[in-house]
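For reference, the structure is listed below as structure tokens.
The values are calculated or read from the model by the stated rules, or taken from the named source; none is laboratory data. Remember, predicted model here, so these are calculated numbers, not experimental data. FYI the Cβ positions are ideal-geometry reconstructions off the backbone, even for glycines, and counts take in every protein chain you see. Side chains are part of the model used for accessible areas, which takes the heavy atoms of the whole protein and leaves out ligands, DNA and RNA. Shrake-Rupley method; radii C 1.70, N 1.55, O 1.52, S 1.80 Å.
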Amino acid sequence: MFTRLKEEIAVVFDRDPAARNTWEVVTCYPGFHAMLFHRLAHSLWNAGLKWLARLVSHLSRWLTGIEIHPGATIGRRFFIDHGMGVVIGETAEIGDDCTLYHGVTLGGTSWNKGKRHPTLAKGVVVGAGAKILGPITIGEGARIGSNAVVVKDVPPGATAIGIPARVIEAEAAAQNGRFAAYAVGKDLNDPMAKVVHELIGHCADTDKRIEFILAELKRLGCKTDDSEAHKLDTNLLNKMVD
């Protein structure tokens, strides 16, 4: 028991640079408190004491602002940073070494009984405000960007951003090879941005070709429309995409 408790405290120091000492973590970290309550509530739930388990969970929500259903299965070294507004549903499954930030929802999309909440494999990081909905699986080491809405499986090691979430290349998602605090990096290769940049480049090349054709027609004595076409502001479009 004490080994697990020390492990829960150590993970705070590993993932939150603001943590200064053990006493501060034990007394002032709602994510740590929520996990202590959940361990107790989950044990009561598995023992068949459903109402008592729900009561413990309810008190935990009142004290920490974090709502974890006692039926949820959570692995070791799980960390909730800040925590306010986190909701974890009954059939959610969370693997070892996962991290959630404030405002995260692991929710269901159906009122049917049975598995209806997400499964997070080992080492998943979920950014602030993200919503992961339905009985989907987030693969090992995956990153979910802040405010993303995920309704489909995310493969291991991938990063998903946007509404609805789409998978992007995530070579820059980790910081110094260890941990990406909000599950996104500054150099992420968004395929949508790539497509828009390609279209902008294509439009600019097409404009140049049309100008060349008109100039040649004029040189040959053909009558052309001399009115100015609306110019494409590529600088503005690039700024919007970036």
Looking at 49, 63 in this structure, which one is in contact (Cβ under 8 Å) with a residue 12 or more places away in the chain, open to solvent by 50 Å² or more (accessible area, probe 1.4 Å) and of a type in the set (A, V, I, L, M)?
63
Residue in segment 139-155 that is at pLDDT 90 or above, in a loop (DSSP other than H, G, I, E, B) and in contact with an Asp or Glu (Cβ under 6 Å, 6 or more places away or on another chain) present:
no
May I ask you to verify whether residue 187 is open to solvent by 30 Å² or more (accessible area, probe 1.4 Å), at pLDDT below 80 and either among the acidic types (Asp, Glu) or touching a Cys at 6+ places or on another chain (Cβ under 7 Å) (or both)?
yes
Inspect segment 2-12 for any residue being part of a helix (DSSP H, G or I), among the basic types (Lys, Arg) and surrounded by 14 or more Cβ atoms within 10 Å (Cβ to Cβ) and give the result as yes or no.
no
Within the bounds of segment 89-100, is there any residue that is touching a helix residue (DSSP H, G or I) at 6+ places or on another chain (Cβ under 7 Å), open to solvent by 10 Å² or more (accessible area, probe 1.4 Å) and outside any strand (DSSP E or B)?
no
Is there a residue in segment 28-37 that is in a helix (DSSP H, G or I) and surrounded by fewer than 17 Cβ atoms within 10 Å (Cβ to Cβ)?
yes
Scanning segment 156-165 for residues that are in contact with a strand residue (DSSP E or B) (Cβ under 6 Å, 6 or more places away or on another chain) and part of a loop (DSSP other than H, G, I, E, B), the one farthest from residue 129 (Cα to Cα) turns out to be 158
